[in-house]
Each structure stands twice: as C-alpha cells, then as structure tokens.
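Okay, structure first, notes after.
What follows draws every value from the coordinates through simple rules; no lab data is involved. From a predicted model like this one, the values you see are computed outputs, not experimental measurements. FYI the Cβ positions are ideal-geometry reconstructions off the backbone, even for glycines, and counts take in every protein chain you see.
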Amino acid sequence: MGQLIREKEIFAVAGGKGGVGKSFLATNLGIILARANRDKSAILIDADLGGANLHTCLGLPTPETTLSDFLRHPSMRIDDVVLRTSVENLSLISGAQDFLGIANPKYTQKIRILRGIQSLRADYIILDLGAGTSFNTIDFFLLADKGILVVVPEPTSIENAYRFIKSAFYRRLKFLTTDPRIKTVIDKAMDRKNDLGIRVPAELIDYVGRMDAEVGRQLEQAARNFRPRIVLNQVRSAADIRIGYSMQNACMKFFGIKPDFVGYLENDEQVWQSIRKRKPIALNGDSGKCMRNLVTISNNILNDAELKLD
Ligand SMILES: Nc1ncnc2c1ncn2[C@@H]1O[C@H](COP(=O)(O)OP(=O)(O)OP(=O)(O)O)[C@@H](O)[C@H]1O
Ligand SMILES: [Mg+2]
C-alpha cells in the first residue's frame with residue numbers, strides 16, 4: 001500500500017544582509033509552529049552554510065551531528081542528522097561546523113541537500129539562511145513555499161532586501177525557460193548596467209514577451225505568484241513600520257512583484273537578552289509585545305495574510 005504523503009510547508013528566512021535577526025526569527029517561528037498544534041511537527045534547518053549558529057539560538061551545545069556529516073558520507077540519509085531539541089515536536093538540523101569545506105558546496109552537494117530537505121517528514125520546515133545573495137542562498141529561498149525577508153529600517157538593509165528580491169526573482173525566471181536566448185537575456189538583465197536597457201523585472205518581462213509571447217505570459221504569471229513575505233525588525237517608531245508598506249509599493253511599481261508585509265518586531269532589549277541567555281522568547285512563557293508580534297507574523301505567514309494596523 002502506498003504511504004500516506006503528508007503535505008508539508010517549507011519556509012525560508014533570508015535577509016540579504018547580516019545581523020538583521022534572521023536566526024532570531026527562524027528560531028522563534030520554529031518554536032511557535034511546533035507548539036501551535038499537538039499534532040504538528042516542525043524541523044528547523046540551519047542552512048547558513050558559512051556561519052551556523054542556530055543551535056546556540058535554541059540553547060543547545062555544539063551538536064555532534066551536522067549537515068557536514070550528511071555531505072561527507074554519501075550513504076547517510078538526511079534523517080540521520082535530524083536532532084531532537086528540548087521543545088516537543090521541534091527538531092533541528094544543525095549547520096556545518098567546518099564551514100570552510102561546505103560554505104560553497106559543489107552543485108551536486110547542493111542538490112543533495114535540497115532533495116534531502118524535500119524528503120523530510122514534518123508539517124513545517126523552517127530554513128535559516130545566511131546573509132548575502134549568493135546562488136546557494138537564493139536556491140534555498142526558492143525551494144521554500146514561502147520565503148521571508150527580514151529587513152531592518154536602515155538604508156543598507158532595505159537596499160540589500162531589494163537586491164535579494166530581484167536576484168531571487170530573476171533566478172526563478174531563469175529556471176522557467178529552456179530557451180537559451182531567453183536565458184541569456186535574463187543573465188544580462190541581472191547586470192544593472194546591461195546594454196539591453198532592462199533596469200527592472202517589469203522591463204525584462206516586456207522584453208521577453210516581445211521575443212516570445214507565450215514565455216512572456218509565463219513570466220508574468222511567475223511575477224504574480226512570487227510573493228516574498230517582509231518582516232521589519234528592530235523598529236523604533238511608527239515611521240519605521242511604514243517602511244514595510246513603502247517597500248511593498250516600490251516592489252509593485254518597479255518589479256511588478258507584490259510582497260506581503262506580514263509584521264514587525266520592535267527594537268527590544270528583551271530580544272538581545274534572550275539571545276545572551278540562550279533562551280528563545282517563545283520559550284520564556286512570556287506574553288509581552290514581542291511574543292504577540294511574533295505570533296502575528298507566524299499567523300500571517302501561515303494564513304497568507306498581511307499585517308493589519310489598528
Ligand atoms: N528586535 C530586536 N531587538 C533588539 N535586538 C535585536 C532584535 N533582533 C535582533 N537583534 C540583535 O541582533 C543580533 C543578530 O540577530 P541574529 O543572529 O538573529 O541575526 P542574523 O540575521 O541571523 O545574523 P547573521 O547574518 O549573522 O546570521 C542579535 O544577537 C540581537 O542582539
Ligand atoms: Mg543567522
């Protein structure tokens with residue numbers, strides 16, 4: 001008899017920039033999802049191949065078994081590196097420790113990790129990604145059903161987030177077509193100074209539509225389906241929160257993509273302390289503002305909803 005295949009949802013937490021709170025959000029999302037329902041399980045995966053530290057965020061010692069073992073031993077299955085945590089229904093796949101070897105995994109290794117992740121049995125899988133816009137990070141982001149971008153209200157972070165959205169979207173488009181001419185145009189468009197006059201995704205879609213109307217329509221459809229979730233972290237004022245909406249408008253205007261603004265977290269001494277004490281906020285038994293905002297973010301992501309301000 002065929003095995004019952006459980007539907008699972010994969011979430012990826014990215015940010016383009018370092019130190020914006022990706023691991024903090026991924027950890028607490030994992031805990032909230034694992035605790036929301038007794039029958040649901042979650043696996044947190046440290047996919048920050050160059051700087052694994054999710055175990056520390058969870059308050060665990062350096063794990064014995066990590067993704068490096070999975071990559072080093074072709075006979076190992078990804079299930080062999082799934083570790084239990086102190087939270088019921090929450091498991092962890094720890095990132096590589098000897099990062100020099102795996103920070104830039106070979107193509108075949110990357111495919112092995114991606115396939116492994118898809119084969120995992122859990123209701124929710126949460127990937128904590130590294131900073132930057134390398135293809136490795138983007139490919140993990142594109143694997144997810146829902147990609148989350150953490151942004152802090154600083155020009156550098158906002159700029160990196162736009163760059164991340166654009167790079168991820170172009171890479172998705174490139175996988176959609178087999179026509180080498182169109183692939184070349186997409187590659188060229190990635191360079192802002194390209195000689196085709198394509199500056200933004202909407203112009204790329206127009207350009208491709210003129211080459212091949214059918215592919216143009218496919219790319220338009222892909223733009224409609226591409227829905228990164230924006231989380232603003234470390235906000236200090238109401239004006240900071242509005243950045244979420246202005247980013248959404250700018251993406252629609254220039255990229256033809258509509259991200260969902262799913263929530264924000266205030267700049268909060270408690271967050272810093274929770275990380276120092278290695279005790280995630282979602283395990284504090286705390287029902288303060290930070291926890292409420294984390295739950296709002298988690299619900300909005302699960303329900304395909306957006307932040308509603310009172
Ligand atoms: N809402 C917040 N309020 C106060 N401090 C915060 C908040 N969010 C994050 N921080 C601070 O930012 C630091 C970095 O957070 P975190 O490690 O989650 O970022 P990251 O994006 O995963 O970084 P990296 O790119 O290095 O993986 C934390 O140690 C904490 O001190
Ligand atoms: Mg991190």
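Backbone amide hydrogens, once placed in the peptide plane, bring LEU83 within less than 5 Å of LEU92, ILE93, SER94, excluding anything fewer than 5 places away on its chain.
Considering only SER134, LEU204, ASN299, and ranking their Cα positions along the charge dipole of the chain that arises from unit charges at the beta-carbon of Lys, Arg, Asp and Glu, the one farthest toward the positive end is LEU204.
With both bridge residues required to lie in the chain, what share of the DSSP beta bridges run antiparallel, to the nearest 5%?
10
Sequence-ordered 3J(HN,Hα) estimates for the range 72-87 from the Karplus curve with 6.51, -1.76 and 1.60 and θ = phi - 60° stand at 6, 10, x, 7, 6, 9, 5, 4, 5, 10, 7, 10, 7, 10, 6, 9 Hz, glycine and proline given as x.
Could you list TYR264, TYR124, TYR162 so that the one with the fewest beta carbons within 10 Å of its beta carbon is first and the one with the most is last?
The fewest-first ordering by Cβ neighbours comes to TYR162, TYR264, TYR124.
Need one number: the % of Cα-Cα pairs in the chain sitting beyond the 26 Å mark.
Percentage above 26 Å: 46.
Take the Cβ atoms of LYS289 and THR178, set R0 to 51 Å, and the FRET efficiency comes out at 0.55.
In the chain, helices alone account for a calculated mean residue ellipticity at 222 nm of -14000 deg cm²/dmol, with every DSSP H run of four or more residues adding -39,500 (n - 2.57).
All C-alpha to C-alpha distances of the range 1-94, sorted into 5 Å bins beginning at zero, yield P(r) values of 2, 12, 22, 23, 19, 14, 6, 2, 1, 0 percent in whole numbers. Taking every alpha-carbon pair within the range 1-159, the share separated by more than 26 Å comes to 21 percent. Take the Cα of GLN221, go 7 Å toward its beta carbon, and the backbone nitrogen atoms of the range 183-201 under 19 Å from that spot belong to 183. Residues considered: PRO280, PRO153, PRO74. Largest GNM mean-square fluctuation over the chain, using C-alpha springs under 10 Å, is found at PRO74. Within 10 Å, at most 15 other Cβ atoms, and a DSSP state outside H, G, I, E, B define an exposed site. Report the longest part of the chain free of exposed GluC sites (Glu not before Pro). It works out to 89-310. Our summary of shape: the Cα atoms of the range 194-302 have principal axis extents of 57, 26, 22 Å, ordered from largest down, in whole angstrom.
Distances between placed amide hydrogens fall under 5 Å for GLY263 paired with LEU232, LEU307, all partners being 5 or more residues away or on another chain. Shown is the FRET efficiency for ARG163 and ARG276, computed with R0 = 30 Å from the Cβ-Cβ distance and rounded to the nearest 0.05: 0.45.
Neighbours of PHE175 by Cβ distance under 10 Å: Lys/Arg scored +1, Asp/Glu scored -1, total +3. Seen from every direction in turn and averaged, the convex hull around the alpha carbons of the range 115-158 projects onto 3.8 nm².
Assuming a ≥ b ≥ c are the square roots of the Cα gyration tensor eigenvalues, decide whether the range 253-310 counts as rounded (a/c under 1.5), prolate (otherwise, with a/b larger than b/c) or oblate. Note, shape of the range 253-310 comes out prolate.
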